[in-house]
Amino acid sequence: MSINHIFDNNKEWINKKLSIDKDYFKKLAQDQTPEILYIGCSDSRVSAGDLMEVEPGTVFVHRNIANLVPNTDMNSKSVIDYAVTHLDIKHIVVCGHYKCGGIKAAMEKENLGVLNPWLGNIRDVYRLHFDELEALTDLEQRYDRLVELNVAEQCINVLKIPTVQEAIIKKKLQMHGWVFDIKTGQLIDLTLDIMNEFSNSHSKVSSIYRIK
Ligand code: CO
């Protein structure tokens, strides 16, 4: 496949947009005012804008293998901090997906070289939820569940960021954990209790991670 067809596609896309609104790119160039930060997987089948069917300018996006927000990862932390502090994002979504290759790789015992420390973050999630996961004898079910538990853990990782905490306390920001079911196209809200856990001073999340 030649890569040149991408440029032909781009021309077609420009024409399509201009035929609907001749000022489309003039408006696009002005500014961005997204209300959602989407943290998802790099998987080529899970393209954020498409599955939410939203126009450019609506969603600020960060993607990496298996939608992780590792504690010392300045890339994801910078994206989140910028989105909260400068774009005044109202919602942060961590969105995993079933059939995630990163999650599958973390469940296997292969040495994947430079990927090992990255996958180690997912293996930490497995260890934290070892009993629940090992109790699932159906491997497909275990795989799906690790996808969901990983989303929940990454939401907690987002919550550790002081600017995120401040915005939640000021009721300017909400956290959401979602999964994209690649087998049906459906977006599923995991309805995580993360906001309540953060505000309840007796919860583990709050007592361990809340800064003030
Ligand atoms: Co994936």
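For beta carbons closer than 9 Å, sequence separation of 6+ or different chains, a first residue in segment 4-20 that is without any contact (Cβ under 8 Å) to a residue 60 or more places away in the chain and a second that is surrounded by 10 or more Cβ atoms within 10 Å (Cβ to Cβ) and assigned to a helix (DSSP H, G or I), the qualifying pairs are Ile14/Tyr24; Ile14/Phe25; Lys17/Tyr24; Lys17/Phe25; Lys17/Leu28; Leu18/Tyr24; Leu18/Phe25.
Of the residues Val61, Val69, only one is under 19 Å from Met175 (Cα atoms), within 16 Å of the ligand (Cβ to nearest atom) and surrounded by fewer than 20 Cβ atoms within 10 Å (Cβ to Cβ); which? Working first, answer last.
Numbers: Val69 fails: surrounded by fewer than 20 Cβ atoms within 10 Å (Cβ to Cβ).
Every option except Val61 fails the conditions.
Here segment 26-50 is the region considered, the condition is being in a helix (DSSP H, G or I), away from the ligand (no atom under 16 Å from the Cβ) and surrounded by 12 or more Cβ atoms within 10 Å (Cβ to Cβ), and the residue that is modelled with the highest pLDDT is Leu28. Within segment 98-115, residues that are farther than 25 Å from Ile188 by Cβ reach partners that are more than 9 Å from the ligand (Cβ to nearest atom) with beta carbons closer than 8 Å, at six or more positions or on different chains, in the pairs Leu112/Ala105; Leu112/Leu119; Leu115/Ala105. Can you tell me which residue is surrounded by the most Cβ atoms within 10 Å (Cβ to Cβ) among those in segment 169-183 that are on the phi < 0 side of the Ramachandran plot and part of a loop (DSSP other than H, G, I, E, B)? Per the stated criteria, the residue is Leu173. Of all residues in segment 101-140, those satisfying the criterion of being more than 16 Å from the ligand (Cβ to nearest atom), assigned to a loop (DSSP other than H, G, I, E, B) and farther than 16 Å from Val151 by Cβ are Lys109, Glu110, Asn111, Leu136, Thr137, Asp138. Against the definition (away from the ligand (no atom under 16 Å from the Cβ) and outside any helix (DSSP H, G or I)), how does Ile92 come out, yes or no? Considered against the rule, which asks whether it is away from the ligand (no atom under 16 Å from the Cβ) and outside any helix (DSSP H, G or I), Ile92 comes out as yes.
The values are calculated or read from the model by the stated rules, or taken from the named source; none is laboratory data. Just so it is clear, the structure is predicted and the values come from calculations on it, not from any experiment. As a convention, Cβ positions derive from the backbone with ideal geometry for all residues, glycine included, and neighbour counts pool all protein chains shown.
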